[in-house]
Amino acid sequence: MALVKKFPPEASAPSTIHPDYLSPSSAKSYLSCSLRFFFERVAQIRKPTTIALHVGKAIHATLQSFNLARWRGEDSSEAIMEKAFSSHFLELEKTEGPVDYANEETRQKVHSCAWNTVKAYMASGEVSSQMPLGVEVGMSAAILGLPIPVRGVIDLVQHDLTAVDYKSAAAKPDAGHAAFDHELQLVTYQMMIEEATGDAPPSLDLIYLVKTKTPQVIRVKTPPANEQRKQRIADLYKIAYEGITTERFHPQPGMQCSWCQYRKECVGWCRR
């Protein structure tokens, strides 16, 4: 979503923010903290990439390569995927860095830990013997009352329409919290699959790759949403769209402030 605007906006100026679509990540970002959303996506203030974000992107890119290779009948061996991982890891440092490593030793440890996590997934029972219907599937859905579509990319659509999203984490997730925290994303995927196929997925799944000393691979399964849950998600998109287009950006203090990279900018905020 390309949003470009100078900060601070004049109070009397009409809104210039008219997104062509919303995604689960953009809506969640706005709802979590509208001012952070502004700094990151509207003013586009660049910050050093955190190690956790960099590792997550490198793992995700490698899993995409792995699944695509299997889907196409190409070589998905450990040796080939290790080369793919190293390539993704380096390319992301160049294109989305700098990454805030303390030193080169830290970088090497991070690289090794992330690759071991990918290997754990490749060797796990979570890799189905049946080929998926799609990998990195871009889809959209129309929501009644929302003037723009919702778009997203599903990491993996299994043979039975189960939507799968990969997450990297430093600790074992709590299943109930994980399902609730990512409900907007998962229910959106269900709505997209239903609109595209006419059928509901049997499950909405998160696969966590946990970067512990001995990596763990944990699947969190969520039943498909009923109409009440889908309406709840539709209402959240409408709230996000209204807030973005009417430029309601303000601090929303909470636990997330302790790791937010925009605290300096936030402290300088005042309503104009």
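The values are calculated or read from the model by the stated rules, or taken from the named source; none is laboratory data. What you see is a predicted model, and the numbers here were worked out from it, not measured in a lab. Here the Cβ is made from the backbone with ideal geometry for all residues, glycine too, and neighbour counts use every protein chain on show.
When you look at Q190, is it under 30 Å from T16 (Cβ atoms) and either touching a helix residue (DSSP H, G or I) at 6+ places or on another chain (Cβ under 6 Å) or modelled with pLDDT of 95 or more (or both), yes or no?
Numbers: under 30 Å from T16 (Cβ atoms): no; either touching a helix residue (DSSP H, G or I) at 6+ places or on another chain (Cβ under 6 Å) or modelled with pLDDT of 95 or more (or both): yes.
Criteria not met by Q190.
Confirm whether I59 is touching a Ser or Thr at 6+ places or on another chain (Cβ under 6 Å), of a type outside the set (F, W, Y) and either in a helix (DSSP H, G or I) or at pLDDT below 95 (or both).
Numbers: touching a Ser or Thr at 6+ places or on another chain (Cβ under 6 Å): yes; of a type outside the set (F, W, Y): yes; either in a helix (DSSP H, G or I) or at pLDDT below 95 (or both): yes.
So I59 fits the description; yes.
If you scan region 82-121, which residues turn out to be closer than 19 Å to L209 by Cα and in contact with a Ser or Thr (Cβ under 6 Å, 6 or more places away or on another chain)?
A84, F85, H88, V118 - these are the residues of region 82-121 that are closer than 19 Å to L209 by Cα and in contact with a Ser or Thr (Cβ under 6 Å, 6 or more places away or on another chain).
Return only the number of the condition from (1) assigned to a loop (DSSP other than H, G, I, E, B); (2) more than 21 Å from V153 (Cα to Cα); (3) not aliphatic (A, V, I, L, M) that E242 does not satisfy.
(1)
Which of the residues belonging to region 231-253 are surrounded by fewer than 18 Cβ atoms within 10 Å (Cβ to Cβ) and free of Cβ contacts under 8 Å to residues at least 60 places away in the same chain?
Passing the criteria: Q231, R232, D235, E242, P253.
What are the residues in region 144-184 that are assigned to a helix (DSSP H, G or I) and closer than 17 Å to N226 by Cβ, if any? Break it down into steps so the answer makes sense when it comes.
At the first step, the residues of region 144-184 found to be assigned to a helix (DSSP H, G or I) are 175-181, 183-184.
Within region 144-184, A179, F180, E183, L184 qualify.
Across region 154-176, what is the total count of residues that are crowded, with 16+ Cβ neighbours inside 10 Å and not aromatic (F, W, Y)? Steps first, please.
Looking only at region 154-176, we keep the residues that are crowded, with 16+ Cβ neighbours inside 10 Å, and these are 154-158, 161-169, 173.
Subset that is not aromatic (F, W, Y): 154-158, 161-165, 167-169, 173.
Within region 154-176, residues that are crowded, with 16+ Cβ neighbours inside 10 Å and not aromatic (F, W, Y) number 14.
How do the pairs read when you match residues in region 93-113 that are farther than 19 Å from E82 by Cβ with residues anywhere that are among the acidic types (D, E) and surrounded by 15 or more Cβ atoms within 10 Å (Cβ to Cβ), using Cβ under 6 Å and keeping only pairs 6 or more apart or on different chains?
Taking only residues 6 or more apart or on different chains, the pairs are V99/E93.
What are the residues in region 155-196 that are under 23 Å from F66 (Cβ atoms) and of a type in the set (D, E, K, R), if any?
Residues satisfying the conditions are D155, D160, D165, K167, K172.
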